[in-house]
Amino acid sequence: MANNSYSGVKNSVAEPNHNGEFGCSLKELRSLMELRGAEGLQKIQETYADVNGLCNRLKTSAVDGLSGQPSDIEKRKAAFGQNFIPPKKPKTFLQLVWEALQDVTLIILEVAAIVSLGLSFYKPPDAGDKNCVAKRGAEPEEEGETGWIEGAAILLSVVCVVLVTAFNDWSKEKQFRGLQSRIEQEQKFTVVRGGQVIQIHVAEIVVGDIAQIKYGDLLPADGVLIQGNDLKIDESSLTGESDHVKKSLDKDAMLLSGTHVMEGSGKIVVTAVGVNSQTGIIFTLLGAGEDDDDEEEKEKKKEKERKKEKKNKKQDGSVENRKKAKAQDGAAMEMQPLNSDEGADGEEKRKANLPKKEKSVLQGKLTKLAVQIGKAGLLMSAITVIILVVLFVVNTFWWDEVSWDSECIPIYIQFFVKFFIIGVTVLVVAVPEGLPLAVTISLAYSVKKMMKDNNLVRHLDACETMGNATAICSDKTGTLTMNRMTVVQVFIADKHYRKVPEPDVVPASTMERLVLGISVNCAYTTKIMPPEKEGGLNRQVGNKTECALLGFALDLKKDYQAIRNEIPEEKLYKVYTFNSVRKSMSTVLKNDDGSFRMFSKGASEILLKKCYKILTSTGEAKVFRPRDRDDMVKRVIEPMASEGLRTICMAYRDFPAAEGEPDWDNEAEILTRLTCVCVVGIEDPVRPEVPDAIRKCQRAGITVRMVTGDNLNTARAIATKCGILQVGDDFLCLEGKEFNRRIRNEKGEIEQERIDKIWPKLRVLARSSPTDKHTLVKGIIDSTVVEQRQVVAVTGDGTNDGPALKKADVGFAMGIAGTDVAKEASDIILTDDNFSSIVRAVMWGRNVYDSISKFLQFQLTVNVVAVIVAFTGACITQDSPLKAVQMLWVNLIMDTLASLALATEPPTESLLLRKPYGRNKPLISRTMMKNILGHAVYQLIIIFTLLFAGEKMFDIDSGRYAELHAPPSEHYTIVFNTFVMMQLFNEINARKIHGERNVFEGIFNNMIFCTIVFGTFVIQIVIVQFGGKPFSCVGLNIEQWLWCIFLGFGCLLWGQVISTIPTSRLKFLKTAGHGTQKEEIPDEELEELEDLDEIDHAERELRRGQILWFRGLNRIQTQMDVVSAFQSGISFQAAVRRQPSSGSQQHDIRVVNAFRSSLSPYEGLEKPESRTSIHNFMTHPEFRIEDSEPHIPLIDDTDAEDDAPTKRNATPTPPPPPSPNQNNNAVDSGVHLFLDPSKSATPSAPGSPMHSLETSL
């Protein structure tokens, strides 16, 4: 690529037309950015002489930047494009409608409705004369005219359901895009325009801008370095190399978009933006701009092949990742960094150790529950249809002795279609398709509201995971404290001042060194700005610790800006920027006589060890011995730290010209023999709202731990102020070094048992490195000391917090102080950097969980009642008391509307009064089970009383045993109406799930709920009074209405009775809706699931059924094969050598297979990718036994142990490599296993070498 672009550039230079305005064309710049390292520098020298030449061609100044005039900016956008990558087009509403129509139950209903419609219009020639069915009452005259209404009504209700679903999906997509653009707008970047340093939105950056980059930035465009200090870039997202790349003007000056600045700072001139930048080019390759669903499908297929063939093409790796990311996001992010595949091998090793990314806890539990309910519903509906058909046949042909007549067939078919429709409606009511909807609504609603609570949620499920959090590991600076640092104590000139001293008490020479050191040895991006409002505090821009030092200089009545103007950033000879290893920062100035002076600042206990002199009260330097140092630590540093101050030491060193230039790369040598100028104590006050928030956390069963880089005394003091440490508690406060010593064994390896001894009591971890933070988080998550797996939330702001944020169950990044890298790794961004916002997130998370449970309690009551009524009614009266259309209306109330009503309950403080649920708490507690069954009993008694004795009570005609197309009866209308009234009042009961008595508490805080209940009531009146034939209703009089409402109201009274019964007494109640535990999944299935990014629980349920089915079918046959295999004494090789054509031979191979390898028993089954959901599963239920047979060692685990003593002792061979044969042809992979021992020795790597971009944006 480099060569081609090289020649291309030559030609483009020769062209006289330089894009009109500017001295270089878009094409020329693009090809320049494709070069790396020395090639790029050579090209710049050949074409532009140097970087300044490039700036001149681009009509910009390396010092003052662009003029910033709108006309100039527009010209640049026209010539070189905008810094914006167009997102993929969203799905249209019609596409969403089409997707909603794919629902299996809806398809069945549509078919039934169409058949019913067709038959109602079909008039058999003279079936009217015949007695096809024994009459049980008068045949209505307009039978033919109204027969079509039911079919039409079902179709209409299907349309309603589809539109509602599609609308929900559409609004979800819209919200998601809104969220994306919110995140994009948050991202700003520092550029120089008109000599002023300003922050602009990333999308506003144009070619020719001079951008300032610093540690933690994610580069938004391609550029060439103008000046850099100690700059290191992580380019793994583009190259896959995980080592950081050093950037300097003499070695490698090319900086690419989507890469991360890991160390240092610098200035670049922007050369490519948007689709012309390196990230943009990859996006264009992926067709980000076009709407290419098919392409995406192809990509996915290719990706599977790639996994199979294991080609580790780096570029493809990152491309694929982008694809995945985009499939997840639904929207391409503006400057979405490509996530790394960081050298395929390292990645694979890491993947092997990582536990699988499970679907969110809640999703797992729900999917499992939905599958179970669906199966039960399917069973019930099948039984209903069978019973109806059998009863009809027996009654007609045997009881009433009607003779069979071929001309009557259409009539019979009509009856059977009616039975079929009844069966399907039972199924429709039983399958809780409102569950996913409720989750979506609840999460989307929470996310929207959490925005107002300063939580910007980037991954929906983080919101719900937060409700289960049991531990929070928080930073100190900025999260627990205000991040407004001020110097309050100083040790200078042999004296400890409790407040900032007057300038005249400090010797002039000391003062000069101090102020010069502060001015040049703080990042030039850090400044103190005048307050926005009169009388306010000065604004601190940049690193807050440095702001405190600059503020200190201002307090000493000195102007740091004047010194900076005299010594601009370009004149700094060498800068060692601050990083977590050095814990100090140094800047070297070259003096006119050729000598050098270096200023250093850093953590006092670290820098004082490197000082050998100290400035005295006269301004002279005197020797500073270790004894003096220990004395100073005791007298000065510890008292400051115990008051919660951060101590910083300022020092300098002179390098005389006579000794020549030192070796700047030898840091250990450079950073010694310093002269201490002063030690300052910096205060960062605790946020006023934090102690209260921490108290709430502790009450809610969440342990708060502080992880900080400060020293132990400071950390302990702040922790006590916050309430993390309480007097009389049994707790640990450790430093990073001590922590590492305690958790590592003699060999230096980390041991989980050792961590388990520490973490339960650990409250403060001080002087900790990012790896310590990661180790702690991982240790707590992997711990098995407590019976519930800990769910850990972590806050972080620095680039180095990335690993810990990714590892944690929920990562919070700071919106204000956080670097782009931290935000990238996080799940939720705290827009105000405030700890109390985390507590709000916990409240919302628990609320999501409760909302789902409320909805379930309501939904399952309706399910149980509706299914039992339809079932028994159909079996006794041969007609469901609730008609298909009525059932669909009930379905709409309880699924869609109830999910809206119950999922939007606002959270209350009382949510924080209970302990976290934990990952394996069932969705349906025993209290809820009691409520569900209790209410179901009440409703069933009422309905059956009305059904079998209603006509006597109300003195009306009985509606039972009606004709095929009989007009609706008052009797059944009352049954239907009472049923709906009971659901309405039960919806109010469902608002409380923990057995509270007052179900009306806070009902008016949720206007959506009130509106829906009231709206449903109004629609019900319209349906009953004016619904007529389609809804099988007749208008009722006021007395009947009052009875219906009264019976419905009884639900509330009955609810009080139920809540009086103590749950503990009802031992028979079971819980339901557990998550699948990792332990429950057999190992070989876990291996099988390695390829997938997520474990889909529903899938496992279904596949387990399939497998048992296969095993049952084949057990005997296989055992016979085993016997015959041993009898005939077939040698193993012979078995392989033979053509595996005839069945028995295949079996022989398979048997040996089963013994020789620990092949996963699920090898042959379809990969879950192809069956993503229960609905898809139902659409291809055919089990192709002949395809999958040869793949499965059909010996059950227990048998294998009995028959094959060898298997126990044998070391299991790794699973075979996935065959390149795309169709997963059984025999092929079977033979693979034997013929190629070399291949089977290398275990197929789990997953692909590519980074799963789950966590990326």
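Would you confirm whether any residue within the range 608-622 is within 44 Å of the chain's Cα centre (by Cα) and either open to solvent by less than 60 Å² (accessible area, probe 1.4 Å) or within 17 Å of Cys678 (Cα to Cα) (or both)?
Keep residues of the range 608-622 that are within 44 Å of the chain's Cα centre (by Cα), which gives none.
No, because not a single residue in the range 608-622 is within 44 Å of the chain's Cα centre (by Cα) and either open to solvent by less than 60 Å² (accessible area, probe 1.4 Å) or within 17 Å of Cys678 (Cα to Cα) (or both).
Determine whether Met632 is closer than 24 Å to Lys476 by Cβ and among the hydrophobic types (A, V, I, L, M, F, W, C). Give the derivation first.
Details: closer than 24 Å to Lys476 by Cβ: no; among the hydrophobic types (A, V, I, L, M, F, W, C): yes.
When the stated conditions are applied, Met632 does not pass them.
Criterion first (hydroxyl-bearing (Ser, Thr, Tyr) and open to solvent by 40 Å² or more (accessible area, probe 1.4 Å)) does Tyr652 satisfy it? Outline the logic, then answer.
Details: hydroxyl-bearing (Ser, Thr, Tyr): yes; open to solvent by 40 Å² or more (accessible area, probe 1.4 Å): no.
No.
Check Leu554, Leu537, Leu549, Leu516 and return the single one that is in a helix (DSSP H, G or I), open to solvent by 40 Å² or more (accessible area, probe 1.4 Å) and either free of Cβ contacts under 8 Å to residues at least 24 places away in the same chain or not polar (S, T, N, Q) (or both).
On the way: Leu537 fails: in a helix (DSSP H, G or I); Leu549 fails: open to solvent by 40 Å² or more (accessible area, probe 1.4 Å); Leu516 fails: open to solvent by 40 Å² or more (accessible area, probe 1.4 Å).
Unique residue meeting the criteria: Leu554.
Just to be sure before I move on: is Ala866 more than 21 Å from the chain's Cα centre (by Cα), surrounded by 24 or more Cβ atoms within 10 Å (Cβ to Cβ) and on the phi < 0 side of the Ramachandran plot in the structure I sent?
Values: more than 21 Å from the chain's Cα centre (by Cα): yes; surrounded by 24 or more Cβ atoms within 10 Å (Cβ to Cβ): yes; on the phi < 0 side of the Ramachandran plot: yes.
Yes; evaluated as a whole, the condition is true for this residue.
Restricting the search to the range 429-460, which residues are among the β-branched types (Val, Ile, Thr) and open to solvent by 10 Å² or more (accessible area, probe 1.4 Å)?
Once the filter is applied, which keeps residues that are among the β-branched types (Val, Ile, Thr) and open to solvent by 10 Å² or more (accessible area, probe 1.4 Å), the range 429-460 yields Val431, Val439, Thr440, Ile441, Val447.
Specify which of the listed residues (Ser237, Ser242) is over 30 Å from Lys449 (Cβ atoms), crowded, with 20+ Cβ neighbours inside 10 Å and not basic (Lys, Arg). Show your work before the answer.
On the way: Ser242 fails: crowded, with 20+ Cβ neighbours inside 10 Å.
Matching residue, one of Ser237, Ser242: Ser237.
Go through the range 932-941 and give me each residue that's open to solvent by less than 40 Å² (accessible area, probe 1.4 Å) and within 15 Å of Arg1065 (Cβ to Cβ). Break it down stepwise before answering.
Looking only at the range 932-941, we keep the residues that are open to solvent by less than 40 Å² (accessible area, probe 1.4 Å), and these are 932, 934-936, 938-940.
Once the filter is applied, which keeps residues that are open to solvent by less than 40 Å² (accessible area, probe 1.4 Å) and within 15 Å of Arg1065 (Cβ to Cβ), the range 932-941 yields only Gly934.
Please state which one of Ile816, Ile852 is of a type in the set (Val, Ile, Thr), out of contact with any Cys (no Cβ under 6 Å at 6 or more places or on another chain) and open to solvent by less than 10 Å² (accessible area, probe 1.4 Å). It would help to see each step written out before you state the result.
Working: Ile816 fails: open to solvent by less than 10 Å² (accessible area, probe 1.4 Å).
Of the residues listed, the single one that is of a type in the set (Val, Ile, Thr), out of contact with any Cys (no Cβ under 6 Å at 6 or more places or on another chain) and open to solvent by less than 10 Å² (accessible area, probe 1.4 Å) is Ile852.
Which condition from (1) surrounded by 15 or more Cβ atoms within 10 Å (Cβ to Cβ); (2) modelled with pLDDT under 75; (3) closer than 22 Å to Phe419 by Cα is the one that Gln175 breaks?
(3)
Go through (1) over 17 Å from Leu54 (Cβ atoms); (2) under 32 Å from the mean Cα position of the chain (by Cα) for Asp222 and report which single condition fails.
For Asp222, the exception is condition (1).
Using beta carbons and a limit of 6 Å, which pairs, at least six apart or on different chains, have the first residue in the range 988-1017 and free of Cβ contacts under 8 Å to residues at least 60 places away in the same chain and the second one part of a helix (DSSP H, G or I) and surrounded by 12 or more Cβ atoms within 10 Å (Cβ to Cβ)?
Val999/Ile988; Val999/Asn989
Within the group Thr486, Thr440, Thr510, which residue is within 30 Å of the chain's Cα centre (by Cα) and hydroxyl-bearing (Ser, Thr, Tyr)?
Numbers: Thr486 fails: within 30 Å of the chain's Cα centre (by Cα); Thr510 fails: within 30 Å of the chain's Cα centre (by Cα).
Within the list Thr486, Thr440, Thr510, the selection yields Thr440.
Quick test of your reading of the structure: Ile682 fulfils all but one of (1) under 33 Å from the mean Cα position of the chain (by Cα); (2) crowded, with 17+ Cβ neighbours inside 10 Å. Name the failing condition by number.
All conditions are met except number (1).
Looking at the range 650-664, can you tell me whether even one residue there is under 22 Å from Phe599 (Cβ atoms) and in contact with a Leu (Cβ under 6 Å, 6 or more places away or on another chain)? Lay out the reasoning, then the answer.
Restricting attention to the range 650-664, the residues satisfying the condition of being under 22 Å from Phe599 (Cβ atoms) are 650-664.
Subset that is in contact with a Leu (Cβ under 6 Å, 6 or more places away or on another chain): 651, 653.
Yes: one or more hits.
Where the second residue is open to solvent by 10 Å² or more (accessible area, probe 1.4 Å) and of a type in the set (Ser, Thr, Tyr) and the first is closer than 15 Å to Ile942 by Cβ and lies in the range 966-978, which pairs have Cβ atoms under 7 Å and are six or more apart or on separate chains?
Listed by first residue and then by second, the contacts come to His971/Ser958; Tyr972/Ser1032.
So, in the range 890-920, how many residues would count as being surrounded by fewer than 24 Cβ atoms within 10 Å (Cβ to Cβ), assigned to a helix (DSSP H, G or I) and modelled with pLDDT of 80 or more?
Total satisfying the criteria: 8.
Taking the range 501-534 as the region of interest, how many residues are over 28 Å from Pro568 (Cβ atoms) and among the hydrophobic types (A, V, I, L, M, F, W, C)?
In the first step, residues of the range 501-534 are kept if they are over 28 Å from Pro568 (Cβ atoms); the result is 501-502, 504-505, 507, 533-534.
Okay, now just the ones that are also among the hydrophobic types (A, V, I, L, M, F, W, C), so 505.
Counting residues in the range 501-534 that are over 28 Å from Pro568 (Cβ atoms) and among the hydrophobic types (A, V, I, L, M, F, W, C) gives 1.
All but one of (1) touching a residue at least 12 places away in the same chain (Cβ under 8 Å); (2) open to solvent by 50 Å² or more (accessible area, probe 1.4 Å); (3) more than 30 Å from Thr259 (Cβ to Cβ) hold for Pro803; state the number of the condition that does not hold.
Looking at each condition in turn, Pro803 falls short on (3).
Answer with yes or no whether Leu388 is part of a helix (DSSP H, G or I) and surrounded by 21 or more Cβ atoms within 10 Å (Cβ to Cβ).
Details: part of a helix (DSSP H, G or I): yes; surrounded by 21 or more Cβ atoms within 10 Å (Cβ to Cβ): yes.
Spelling it out, Leu388 is indeed part of a helix (DSSP H, G or I) and surrounded by 21 or more Cβ atoms within 10 Å (Cβ to Cβ).
Would you call Ile567 within 21 Å of Trp664 (Cα to Cα) and either open to solvent by 50 Å² or more (accessible area, probe 1.4 Å) or of a type outside the set (Phe, Trp, Tyr) (or both)? Spell out the reasoning first.
On the way: within 21 Å of Trp664 (Cα to Cα): yes; either open to solvent by 50 Å² or more (accessible area, probe 1.4 Å) or of a type outside the set (Phe, Trp, Tyr) (or both): yes.
So Ile567 passes the test.
Take Asp593 and tell me if it is part of a strand (DSSP E or B), open to solvent by 70 Å² or more (accessible area, probe 1.4 Å), of a type outside the set (Ser, Thr, Tyr) and in contact (Cβ under 8 Å) with a residue 12 or more places away in the chain.
no
Any residue in the range 755-764 that is open to solvent by less than 60 Å² (accessible area, probe 1.4 Å), farther than 20 Å from Ile724 by Cα and of a type in the set (A, V, I, L, M, F, W, C)?
So far as the range 755-764 goes, yes, one or more of its residues are open to solvent by less than 60 Å² (accessible area, probe 1.4 Å), farther than 20 Å from Ile724 by Cα and of a type in the set (A, V, I, L, M, F, W, C).
What is the one condition in (1) open to solvent by 10 Å² or more (accessible area, probe 1.4 Å); (2) among the aromatic types (Phe, Trp, Tyr); (3) at pLDDT 95 or above that Phe599 does not satisfy?
(1)
Which residues, taken from the range 180-216, are in a loop (DSSP other than H, G, I, E, B) and open to solvent by 10 Å² or more (accessible area, probe 1.4 Å)?
Looking only at the range 180-216, we keep the residues that are in a loop (DSSP other than H, G, I, E, B), and these are 187, 194-195, 205-209, 215-216.
The answer is Gln187, Gly194, Gly195, Tyr215.
The values are calculated or read from the model by the stated rules, or taken from the named source; none is laboratory data. Just so we're clear, the structure is a prediction, and the values are computed from it rather than from any experiment. All Cβ positions, even for glycine, are placed from backbone atoms using ideal geometry, and neighbour counts span all protein chains on display. Side chains are part of the model used for accessible areas, which takes the heavy atoms of the whole protein and leaves out ligands, DNA and RNA. Shrake-Rupley method; radii C 1.70, N 1.55, O 1.52, S 1.80 Å.
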